[in-house]
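Report on the following structure.
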């Protein structure tokens, strides 16, 4: 009986190590990069997002508190930039659900074809009785981003709970067939891989119907990161896009959708059981 149990355990262990991709599949340019995190539908849910330049056939994050003994599986989507060269990349998203509050986690992202370096983040405290510390800025380019080193230093000292980048990325993410967007996302990785990097679109993101912004970031909800809200501590954060009103050539529908969504979101937030500071 003991021998039988031993054989079963070994068999299962081997099964878990079987590659989860097509036999014989060879993957070049499959190393994960441009890694960043954001809050999910709850602030103890974290979404890990990254880019590869080929299809890895799987998207995985290994993570944990003491070590990376847990694993979550996500998905990837093919994004083709609208520029002349029609450059393509795969954007990967993995949701880490129901994490412990006020806890440091380590993680790396990737697939059997390559893993990122190890990063860490700390989940926020539970409840509302604490002060939220956010770095809020906009208009950060990929050249002469002098503030980035200061932000990284302050983040490493534990002075922020999240980042709010309120529009105008890279100048511009679509420039040079989106190569500028790639470089910008690499530059913010040391910051954005360890702190929820919450975003809002600006006019510099408008090219090709905001496609670089919509595809590269993963905000809560199902509106492609264009408008959303989330609760953190005593604060109800709301992000909306004023750009809808200036780019009506992309259609009026999103103006109406955002208006009705915002009206309902604020109605719920102002109910006595949900009432918090609004930002």
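Computed from the coordinates by the stated procedures, all read-outs in this text should not be read as laboratory data. Here the structure is a predicted model, which means the values were calculated and not measured. Here the Cβ positions follow ideal geometry from the backbone for every residue, glycine too, while neighbour counts run over all protein chains shown.
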message: Report the gain in length on full extension from residue 101 to residue 209: 0.36 nm times residue separation, minus Cα-Cα distance, nm rounded to one decimal.
response: 35.2 nm
- request: Rounded to the nearest Å, what's the spacing between the alpha carbon centres of segment 42-65 and segment 140-154? Just the number, please.
  value: 25 Å
Label assignment, semi-axes √(5λ) of the Cα gyration tensor in Å derived from the structure, set (i) 33, 25, 19; (ii) 41, 20, 15; (iii) 47, 29, 21: (i)
Approximate spin-label separation residue 144-residue 28, in nm, with each point projected 7 Å along Cα-to-Cβ: 3.8 nm
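Give me 115, 90 sorted ascending by neighbouring Cβ count inside 10 Å, so fewest comes first.
On the way: 115 16, 90 21.
By the 10 Å Cβ count, ascending: 115, 90.
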Helix 179-192 axis, angle to the chain major axis (alpha carbon atoms, nearest 10°): 70 degrees
- prompt: Can you give the angle from 0 to 90° between the axis of helix 147-156 and the longest principal axis of the chain, with both taken from C-alpha atoms, to the nearest 10?
  reply: 50 degrees
query: For residue 245 and residue 266 in one chain, what is 0.36 nm times their gap in residues minus the Cα-Cα distance, to one decimal in nm?
result: 5.5 nm
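Using Cα pairs closer than 8 Å and at least 6 residues apart in sequence, work out the relative contact order for the chain, in percent.
Values: 548 pairs, mean separation 47.3, N = 279.
After rounding, I find 17 percent.
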- prompt: Which residue fluctuates the most in the chain, going by a Gaussian network model with Cα springs under 10 Å, if the choices are 55, 139, 81?
  reply: 139
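Quick one: work out the % antiparallel among DSSP beta bridges in segment 82-205, nearest 5.
Working: 6 of 16 bridges.
The antiparallel fraction comes to roughly 40 percent.
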Residues 60, 186 arranged by fewest to most Cβ contacts within 10 Å: 186, 60
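Kindly work out what percent of the DSSP beta bridges joining two residues of the chain are antiparallel, to the nearest 5. All intermediate terms of the calculation are to be shown ahead of the outcome.
Details: 38 of 51 bridges.
Of the beta bridges lying entirely in the chain, close to 75 percent run antiparallel.
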message: Neighbour counts of other C-beta atoms within 10 Å: give me 164, 248 arranged from fewest to most.
response: 248, 164
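So for segment 130-229, averaging the separation of alpha carbon pairs under 8 Å that are six or more residues apart and normalising by length, what relative contact order in percent results?
Numbers: 147 pairs, mean separation 26.3, N = 100.
Contact order relative to length: 26 percent.
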message: Out of all DSSP beta bridges in segment 161-273, what portion is antiparallel? Express it as a percent rounded to 5.
response: 55 percent
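222 nm [θ] for the chain, helices only, -39500 (n - 2.57) per DSSP H run of 4+, per residue, to 500? Please report the intermediate quantities before stating the final value.
Details: 5 runs with 66 residues, N = 279.
Result for the chain, helices only: -7500 deg cm²/dmol.
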- prompt: Can you tell which of 167, 158, 82 shows the greatest fluctuation in a Gaussian network model of the chain with Cα springs below 10 Å?
  reply: 158
Relative contact order of segment 42-182, defined on C-alpha pairs under 8 angstrom at six or more residues apart (%): 22 percent
query: Which one of 203, 249, 54 has the biggest mean-square fluctuation once the chain is modelled by GNM with Cα springs under 10 Å?
result: 249
